[in-house]
Amino acid sequence: MHQRNAALLVLTLVPPLAACSRTPGVFSEQNARAHVSILAGTIGSRPIGSEANARARAYVIDQLKLYGYDVRVQETDARRPEIGRTAHVSNIIATLTGRRREAFGLVAHYDSAPESPGAADDGLGVAVVLETARVLAARPERQWTTFILVTDGEEASLMGAAALVTDRVIASNLKAYINVEAAGSDGAAVLFQTGPGNGWLTGAWARRAPHPRGGSFGIEVYRRLPNDTDFTIFAHENIAGLNFAAVDDGYSYHTARDVPDRLTSRSLRTTGENIAAIAMTLDQMDITKRERWEATYFDIGRVSALSYGMVVSWVIDAAALLVGVAAWIRVMSAALRIAGPLRWTMAAASALIGAAVVVFSMIGATWALRAGREVYHPWYAHPDRLFLLLLAVGLTAGWGMARIGAMLPMRIRGIRDPTITWSLALPIWILLAAAATWFTPSAAYLWTVPLRAAAVTLIGIPGSRRGIPDSASRIPDSDLVRIASVVVLAVSGTLWLRNTVDLLQFATAVFGRLPLIMPAYVFAAIIVAGGVMVVPPLIAAVLRRSPIRRPALVSAVCLAAVAIATAAAALAPAYTYERPLRRHVRALQESDAATAMWEVASIEPGVDLAAGAPTGWTLQKDAAPASIPWGRFSDPFVFRAQAEPLGPAPADVTSFTITPSQGAVDIAVSVLPRRGALAISFVLPAGLTPSRSSFPGAQRLGQWVATFVAPPPEGIAWRAAFSGVEAPRLAGLRVVVTDSGFPGGIGWQRLPAWLPQERAVWGATATWVLRPAAAAPVEPVSALR
């Protein structure tokens, strides 16, 4: 009878976890690989406004025309007033007409960061979009029009997307889209952002993607990161979309290591097959549909996925909490009858103390590894060694607390019973599920689904008297509780184990590029978050009443594991060629200065430059003294020195006029670039703000700044009007020219030869400050009468 009931419980809970593989589409990995090789290999780094950017644009246009698309280029000056930025962009808009004018779009960006060849970011996206465009064009019947939207200037603050949503055809007809991005060079792209009204879209992903990967908890993670994609701009326009990004091997993101050979075939194939399958599904759906609520979605073992709406989510979450409380009441009643109030209280106290010891031991191990090395992130290149160390330390600490508990008097010693384990775990799960439902509803399923599985299985277990005289007092059978725990472990493990490992790897790469020293508790916190949901059912499944026969041997094994893992982590190189330290260098040339000011920054201490570098580097805590809001690197370690001047600026101020009028002053400045991919900024003296400006501006460190990115070869002209301002004050206007390389620099990045690159990658900018009043003759214009 007990075995039959257990089987019924398993059959009730396992089918939702069972996943059927989907048939991949006709996406060609070889074609996609060829696109990446051309864009990131043959062409290389292609920042907005560069010659390489124009070559990449021509290549993409040729491919889309070859597939039969009607292609046009939206060449315009994009504006984002909220950040005071303008950019000259060239967006590619390709159209494949369907029976209906309403369209769904495939979006990627063809520009790259200046410091990167952009094989993954976003060569992957462009390659996937191009190959999917070919697949869609080969279909004989199309219900909806298809837009292939390959944007420019994404790496320059999403300027291409900002222009694209102003296009009348796009704004009127685009009803849904898929954006393909990358923050890493490996793995299937993760569905990490959706909306608005995304339920019907995530349903298409859940039903048809052959390699689904992602979960709505990613929304909560992503909104806490300092990142944006083109998706942000489209979402502001209330256009429904799915945002995908490859995130594994994030060490190459925005670095010189983001080359075609590093982008894995797995990432190209799985991402491409997913996008192609979803795109073909959208053509069979009503893309004009809109929903009020967001959906909860997640993959199951990356072979299947679920998606359900807000109402269903509320029902599941509420049911999980209610059933969870009911299960805890039953389990708690049984636990008190098994152990008695005193021994249960001692067991609870021991569990809390043991958990605290485990957590602090992992934090301490991370701190000790850092303290014993010369760098703050010694685990960066080999994080797996640290993770193994943390697991070994945590297990050893937990085992040590268990051995201490075994020394207590019998009357207060804990009882080795799975029912006791669940009586301690369920209230924690209930509290976590309730908090997640309230504060992070899109991630609540991570707690409510395992809680529901545990509650249903534990309530469904028949009881036995287990030696209790009162026949009415029936306690869940221990063997059935263990079987139920295995089922719960399968559910919880499916949701938590792989995600925990992915988050650990992702956090390593993310903190390697954030301008701060990673707190020592981060890895322990991630492990504990997963451990709280996985360890209790694991313990309940393996726990036996009889003690381990040779505990000394277990202790020896634990200590040996800690020693081996410590040695492996301590001897691992902190940074390697494949996983280098991210560093930054910049120089500022004031218009009247005899030397240039240089700064080098990173998240690690030390200058460590090669021969020929400037001397006299000093650690800085404050912003550099400058006539413009140059600010300070946000990295914790910034070093500054003076060196030879940079030479002539790569742009010239060709005219500067001041036109006084009654109660107002108008100015006009013309700037001519001598190379592409520059940024030109107009900086006003502190306290001045124009009443009218031809370019939008914003306050930065107390000064009004308007920036134009990628000015066209014919140059730009800025005009502004001021009220109640004396004309002489405007002579303090500065024109700032910023380039992503240095005059005389070597390699495609044009970096100084004294920057070491074996275990480091560099982001670089050179800035010139021009005084229009001195750089170009002031052309006074008489006041109008």
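The values are calculated or read from the model by the stated rules, or taken from the named source; none is laboratory data. All figures in this text were calculated on a predicted structure; none of them were measured in a lab. Methodologically, a virtual Cβ is constructed for each residue, glycine included, from the backbone with ideal geometry; neighbour enumeration extends over all protein chains shown. Side chains are part of the model used for accessible areas, which takes the heavy atoms of the whole protein and leaves out ligands, DNA and RNA. Shrake-Rupley method; radii C 1.70, N 1.55, O 1.52, S 1.80 Å.
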What fraction of the DSSP beta bridges in the chain is antiparallel, stated in percent and rounded to the nearest 5?
-> 70 percent
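Relative to the present Cα-Cα distance, how much length would full extension add between R207 and V375 at 0.36 nm per residue of separation?
Fully extending the segment from R207 to V375 adds 55.8 nm.
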Under-5 Å amide H pairs with G118, H placed in peptide plane, nonlocal only = D258
Against the longest alpha carbon principal axis of the chain, how many degrees, from 0 to 90 and to the nearest 10, is the axis of helix 51-66 turned?
-> 70 degrees
Report the normalised scattering of the stretch 659-785 as log10 I(q)/I(0) at q = 0.09, 0.12, 0.17, 0.18 Å⁻¹, calculated by the Debye formula with identical scatterers on the alpha carbons.
-> -0.33, -0.54, -0.92, -0.99
Hey, what did the chain get for relative contact order, percent, Cα under 8 Å, at least 6 apart?
-> 13 percent
Filtered hits (aspartates and glutamates, Cα-Cα < 15 Å from K175, offset >= 8 within chain) -> E102, D167, E237, D283, D286, E291
Of R513, R692, R72, R262, ordered by accessible area with the largest first and a 1.4 Å probe, the sequence is R692, R72, R513, R262
With label points built 7 Å along Cα→Cβ from the Cα atoms of N31 and M310, find their separation and express it in nm.
-> 4.0 nm
Residue-normalised 222 nm signal for the chain, counting each DSSP H run of n ≥ 4 as -39,500 (n - 2.57), nearest 500 deg cm²/dmol, is -13000 deg cm²/dmol
In sequence order, what are the phi-derived ³J(HN,Hα) couplings for the stretch 547-564 according to the Karplus relation 6.51 cos²θ - 1.76 cosθ + 1.60 with θ = phi - 60°, rounded to whole Hz, with x for glycine and proline?
-> x, 5, 6, 10, x, 5, 5, 4, 4, 5, 5, 4, 5, 5, 4, 5, 5, 5
Spatial separation of Cα centroids for the stretch 714-764 and the stretch 484-532, in angstrom = 41 Å
Ranked output for segments 616-629, 302-315 by mean other Cβ atoms within 10 Å, highest leading, reads 302-315, 616-629
Nearest-ten-degree value, helix 445-460 long axis tilted from longest Cα axis of the chain = 10 degrees
How many angstrom separate the Cα center of the stretch 79-125 from the Cα center of the stretch 364-404?
-> 43 Å
Rounded to the nearest 10 degrees, what's the angle between the helix 125-137 long axis and the longest principal axis of the chain, both from Cα atoms, 0 to 90?
-> 90 degrees
One finds the C-alpha centres of the stretch 299-313 and the stretch 191-250 to be spaced, in Å, by 14 Å
Per the Kirkwood treatment, what hydrodynamic radius in Å, one decimal, follows for the chain from the mean inverse distance over all distinct Cα pairs?
-> 29.5 Å
State the percentage of accessible surface on the chain attributable to carbon and sulfur atoms; use a 1.4 Å probe and exclude ligands, DNA and RNA.
-> 61 percent
Nearest-20 debye value, the chain charge dipole, Cβ charges on Lys, Arg, Asp, Glu = 2900 debye
Projected-area mean, the stretch 64-119, by convex hull of Cα positions, square nanometres = 6.1 nm²
Reachable aspartates and glutamates from K65, criterion Cα separation under 15 angstrom, eight or more residues apart if same chain = E131
Please state the relative contact order of the stretch 539-605 as a whole percent: Cα pairs under 8 Å, 6+ residues apart?
-> 19 percent
For the stretch 204-216, take each phi angle, set θ = phi - 60°, evaluate the Karplus expression 6.51 cos²θ - 1.76 cosθ + 1.60, and give the result in whole Hz per residue in order, putting x for glycine and proline.
-> 5, 5, 5, 7, 10, 5, x, 10, x, 8, x, x, 5
In Hz, Karplus ³J(HN,Hα) per residue of the stretch 312-318 (6.51, -1.76, 1.60; θ = phi - 60°; x = Gly, Pro) | 4, 4, 4, 5, 5, 5, 5
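How much area per residue is accessible in the chain when the probe is 1.4 Å and only protein heavy atoms are counted (Å²)?
Dividing the accessible area of the chain by its residue count gives 41 Å².
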Please work out, to two decimal places, the log10 of the ratio I(q)/I(0) at q = 0.23, 0.26 Å⁻¹ from a Debye calculation in which every Cα of the stretch 60-154 carries one identical scatterer.
-> -1.17, -1.32
Cα convex hull of the stretch 629-724: how many Å³ per residue?
-> 134 Å³
Evaluate the Kirkwood expression for the hydrodynamic radius of the stretch 290-412, namely the inverse of the mean inverse distance over all pairs of different C-alpha atoms, and round to one decimal in Å.
-> 19.2 Å
Hey, what D do you get for the stretch 202-326 in µm²/s if you plug the Kirkwood alpha-carbon radius into Stokes-Einstein at 37 °C and 0.692 mPa s?
-> 194 µm²/s
